[in-house]
Every structure is written in C-alpha cells, then in structure tokens.
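> Would you mind keeping the following structure in view while I ask a few things?
The values are calculated or read from the model by the stated rules, or taken from the named source; none is laboratory data. Everything numeric here is computed off the predicted structure, so don't read it as measured data. Cβ coordinates were reconstructed from backbone atoms using ideal geometry, including for glycine residues, and neighbour counts include every protein chain displayed. Heads up: the accessible areas ignore ligands, DNA and RNA and are worked out on the full protein's heavy atoms, side chains in. Shrake-Rupley method; radii C 1.70, N 1.55, O 1.52, S 1.80 Å.
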Amino acid sequence: MNTAGHPEATTRRGLELTPFRGLRYDPDRVGSLAAVTSPPYDVVVRPDGVHQLQSADPHNIVRLILPEAATPSVRNAQAADTLHRWLTEGVLTADPEPGLYVYEQHDGNGMLQRGIIGALRVSDPSEGVVLPHEDVMPHIVADRADLMRATSANLEPLLLTYRGSGRAGASEVVERTAEKPPLLATTTEDGFSHRLWSVTDAHDVARVQSDLAHHQALIADGHHRWATYRLLRAEHPSPSPWDYGLVLLVDTARYPLRVRAIHRLLHGLRVPDALSALHGHFNVRHVDAPLPRALMALAEAAVSGNAFLLAGDGTFHLVDRPDPDLLARTIPSDRPKAWRTLDATVLHATLLDHIWHVPEDSPAHIAYIHDAAATVRKAERDGSTAVLLHPVHEDVVRALARQGVTMPRKSTSFGPKPASGLVFRALDL
C-alpha cells in the first residue's frame, strides 16, 4: 500500500481490474467510427442531440444507450433487440481474446488524456476502494438498471481517477502501449481524436493489476451507473459477471482532468419571478455582456463566495453575496465547512428548496445540462430559468470523498469523458 499517513494507506483492498472481450464496431459495416459514437447518455441533450446522433449513422450507439419508444419497457426491449441484431449481422464483433484497453483522447490544442479500460470489481463505498462524491437520483439508477438487465451489457465506461506515480506500473504500460499502432483511430465532430489499443500480454496485464491493487479511485463521471453496478451485483449470486463493471481509469498524476460545472434548467420558473424571490437575500446585478464574458464575471465573483449566473430572458444576472443568516438557517450544520460553502450546496439547500421551491429530483421541474450555451438557449426558448455555476476544484472533490461526504447531485463534470461506442462489454461473453 501507499506510504503511512497517506489517505490511501488505509485501503485494505485496492482496485481489481480484469480483462474482458471487448465488443467493437466493424469499421467495414458502418459509415465511420466517428459517426457511431456518442457522448455519455447523460450528456446528450434530449431530444435534439438524440435525433442528431441517430441521423449520423443508423448504427449510432445512442440507439442502445438512449432508445426511443413509448414506454420504458418497450425502450429497453428495443435496445436489447437492436444489440442482438447488430451482433447477428456482424455490425458488432467481439475481440478474439480478453484484454485491457488503453484509450487516448487528444483535442489538437495540447489536451492529451490516456487511461485504461477494463472490468473493475464492484465495491461498496464502505470499502474505501471506489469513492463517490455525489448523491444519485433513484429513478435514474432504476432506469439504467432496467437497460443493463435487458441488454446484459455495460454499454459505456465510467470515468474514474486515481493518483498514481504518473510514471511506473500501470502508467508505464499505458505509455509504452501508446507507441504501437492502435486498434482504431477516429476524430469526432467535437474535434477530439480517439485511439484505442488492446493489452493482452500476460506480463503487462499483471503489471497493471499489481499497481492498481495499491490504489483507490474517485468516480469522476458515472455515479448513477456505478450505483447501478452495485444494485445489479446484489441481484446476482457471486461469483458472476455482474461482480464487475466497465470503467476507464485515468492516473491524474500524469493526466489531470478538467473539472467543469453542471448547470440547471428550471422548467416553468420565469427569470423575473426567480429574481424577485431573491430580493433581500442575495445581491443581484445585471451583466451586459456575451456568455463568455458573463462567465468570467461569475468566476471573479466566485473567488470571494457563492455566486450564480441566471439567464433565460435574453440577458445575464449575477447572483452573489448571500445573506449569512439565511445560509445559517437553510444549510445543514452537520457537514464539513468545505461542503457547507459549496455553490451546489447553497443552490440546492437555499435557492431550490427554500426560495424557489423547486424539487431537485423531478424531471418535470429541473434538468441538468453540461453545456452552458445549451442551457441558456433552452431557457430562452422555453421561457425558463438557467442557473449557471462555476466549477469546483478537483482537490475539494477528492478531499470530501475521502471523508465519506457526498456533494449535491450533479455538482461536477470531469472531463474529457470517454466517447461511448468505441468499446463495450457484453456480460455473456
């Protein structure tokens, strides 16, 4: 284990990553590999993004991760039928032998990320091996579980981070593998290039596994899917394929992730009404600037305290300097100060619950959107209120996770996220 005194030193059982036979698209059976990929299911803006991806290629992975039908049961059955048909037709094929996969993302502007995709042993938070940092919404976990049961597949890798040496062990295998010709290479519409290699050499696999056994991981993206893995593992007697779930592990000592905010769209709440309710509780000022400059104003305000940017009426409103007495009355006092002062905590406990009375787990009242511009566009189109947040630093996220303290749901967006559709895992192979 790690040196004494380090938070990971108390981990009795580390990360257990195993090879699997990856399912991949046959490039000769699809228009292009880029055209069949998708962002993770919860990043796709629905319905616009779904329709755009569906039209990109008839075999786009979105038809599996976000099937469209009248009812959930029909949607899931449709996804299972589609997966079976693509396997039968040879659109999808399984690699001949189990392996781990080195995955690289590069944006052409200096951002490079590499990590390892494999099947990770599913563990509970109490084991201190995989650390969640956000709460989850039960209805989303139930939805993802129904889809995984129907397809018997892990269709998208979660994004997990760990703090390795950045040089030895697993990282050395990653870097050496990336010098070889890849299994696949493609560039997606967002400008990111993606490359994938398989690692099947027993010595290299063992070296990765030995290194990772000394580490714990932070869930960077995929809390609902990890909760789904845990739910499905509990349903199946061990040992079974459900004891493992598909993940991408990135050593952030070598490849630091970007942390962005996840924004809120409040359906049915008009901006004038939202602002009126803030009178006497927060400072509000108009920001006469385009979105990039408005976000800069938000970042400047966030240096000295909680701050939010409201939009939806064609302009921007900076909301900051909350009344300390209001925060004392509305925010639970039984959590660490770092949690009590989070923007997401103030947003949910004070603004959503106390001032605006918006239920945070109701899709009819609130949507969670990763892209600021998309959130603003939808708010302006629907006559709703967009609430834009400033991102939290990764060190704060990791420190809270190690204390066993979860942040409000959808508090952070780590990236870059792995593209869905490059490799996935069938549990019956």
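> From the list L232, L218, which one is more than 17 Å from L248 (Cα to Cα) and in contact with a Lys or Arg (Cβ under 8 Å, 6 or more places away or on another chain)?
L232
> Moving to a separate point now. Quick check on H194: is it within 25 Å of Q403 (Cβ to Cβ), in contact with a Ser or Thr (Cβ under 7 Å, 6 or more places away or on another chain) and crowded, with 19+ Cβ neighbours inside 10 Å? Steps first, please.
Working: within 25 Å of Q403 (Cβ to Cβ): no; in contact with a Ser or Thr (Cβ under 7 Å, 6 or more places away or on another chain): yes; crowded, with 19+ Cβ neighbours inside 10 Å: yes.
For H194, the condition - within 25 Å of Q403 (Cβ to Cβ), in contact with a Ser or Thr (Cβ under 7 Å, 6 or more places away or on another chain) and crowded, with 19+ Cβ neighbours inside 10 Å - is not met.
> Taking only pairs six or more apart or across chains, which ones have beta-carbon atoms under 6 Å, a first residue in segment 374-399 that is at negative phi, and a second residue that is acidic (D, E) and at pLDDT 95 or above?
Here the result reads L389/D343, each pair linking segment 374-399 to a residue that is acidic (D, E) and at pLDDT 95 or above.
> Restricting attention to segment 44-82, which residues are β-branched (V, I, T) and at pLDDT 85 or above? Let's see the steps before the verdict.
Of segment 44-82, the ones β-branched (V, I, T) are 44-45, 50, 61-62, 65, 71, 74, 82.
Once the filter is applied, which keeps residues that are β-branched (V, I, T) and at pLDDT 85 or above, segment 44-82 yields V50, I61, V62, I65, T71, V74, T82.
> Now a separate question. Say we look at segment 306-320 and pick out the residues that are under 26 Å from the mean Cα position of the chain (by Cα) and not in a strand (DSSP E or B); which of these is nearest to T375 (Cα to Cα)? Walk me through it before giving the result.
We begin by selecting, within segment 306-320, every residue under 26 Å from the mean Cα position of the chain (by Cα); these are 306-312.
Next, only the ones that are not in a strand (DSSP E or B) stay: 306, 312.
Working: N306: 20, G312: 9 Å.
So the residue we want is G312.
> Given (1) in contact with a Leu (Cβ under 9 Å, 6 or more places away or on another chain); (2) of a type outside the set (F, W, Y); (3) modelled with pLDDT under 95, where does L266 come up short, assuming only one miss?
Just one mismatch for L266, condition (3).
> If we keep just the residues of segment 171-188 that are more than 24 Å from the chain's Cα centre (by Cα) and outside any loop (DSSP other than H, G, I, E, B), which is nearest to L120 (Cα to Cα)? Let's see the steps before the verdict.
So in segment 171-188, the residues more than 24 Å from the chain's Cα centre (by Cα) come out as 172-173, 175-183.
With the extra rule that they be outside any loop (DSSP other than H, G, I, E, B), the set shrinks to 172-173, 175-177.
Working: E172: 20, V173: 18, E175: 21, R176: 22, T177: 20 Å.
Among residues in segment 171-188 that are more than 24 Å from the chain's Cα centre (by Cα) and outside any loop (DSSP other than H, G, I, E, B), the one nearest to L120 (Cα to Cα) is V173.
> Could you please find all residues in segment 53-63 being open to solvent by 20 Å² or more (accessible area, probe 1.4 Å) and assigned to a helix (DSSP H, G or I)?
Those that are open to solvent by 20 Å² or more (accessible area, probe 1.4 Å) and assigned to a helix (DSSP H, G or I): L53, Q54, S55, A56, R63.
> A further question follows. Could you check how many residues of segment 125-135 are touching a helix residue (DSSP H, G or I) at 6+ places or on another chain (Cβ under 6 Å) and modelled with pLDDT under 90?
Pass one, segment 125-135, residues touching a helix residue (DSSP H, G or I) at 6+ places or on another chain (Cβ under 6 Å): 131-134.
With the extra rule that they be modelled with pLDDT under 90, the set shrinks to 133-134.
So the count comes out to 2.
> Quick check on V247: is it among the hydrophobic types (A, V, I, L, M, F, W, C), touching a strand residue (DSSP E or B) at 6+ places or on another chain (Cβ under 9 Å), surrounded by 17 or more Cβ atoms within 10 Å (Cβ to Cβ) and in contact (Cβ under 8 Å) with a residue 40 or more places away in the chain?
yes
> Turning to a different aspect of this structure: Would you confirm, using the coordinates I've provided, whether A289 is out of contact with any Ser or Thr (no Cβ under 7 Å at 6 or more places or on another chain), at pLDDT 95 or above and either outside any helix (DSSP H, G or I) or surrounded by 15 or more Cβ atoms within 10 Å (Cβ to Cβ) (or both)?
Values: out of contact with any Ser or Thr (no Cβ under 7 Å at 6 or more places or on another chain): yes; at pLDDT 95 or above: no; either outside any helix (DSSP H, G or I) or surrounded by 15 or more Cβ atoms within 10 Å (Cβ to Cβ) (or both): yes.
Criteria not met by A289.
> Filter segment 138-161 for residues that are in contact with a helix residue (DSSP H, G or I) (Cβ under 9 Å, 6 or more places away or on another chain), at pLDDT 95 or above and assigned to a strand (DSSP E or B) and give the result.
A153, N154, L158, L160
> I would also like to ask the following. What number of residues in segment 118-141 are under 22 Å from S38 (Cα atoms), over 15 Å from the mean Cα position of the chain (by Cα) and of a type in the set (A, V, I, L, M, F, W, C)? Step through it out loud before you land on a result.
Narrowing segment 118-141 to residues under 22 Å from S38 (Cα atoms): 118-119, 140-141.
From the residues that got through so far, the ones that are over 15 Å from the mean Cα position of the chain (by Cα) too are 118-119.
Subsequent filtering for residues that are of a type in the set (A, V, I, L, M, F, W, C) retains 119.
The qualifying residues number 1.
> Same structure, new question: Take the conditions open to solvent by less than 70 Å² (accessible area, probe 1.4 Å), under 21 Å from the mean Cα position of the chain (by Cα) and of a type outside the set (G, A, S) and apply them to H236. Does it pass?
Considered against the rule, which asks whether it is open to solvent by less than 70 Å² (accessible area, probe 1.4 Å), under 21 Å from the mean Cα position of the chain (by Cα) and of a type outside the set (G, A, S), H236 comes out as no.
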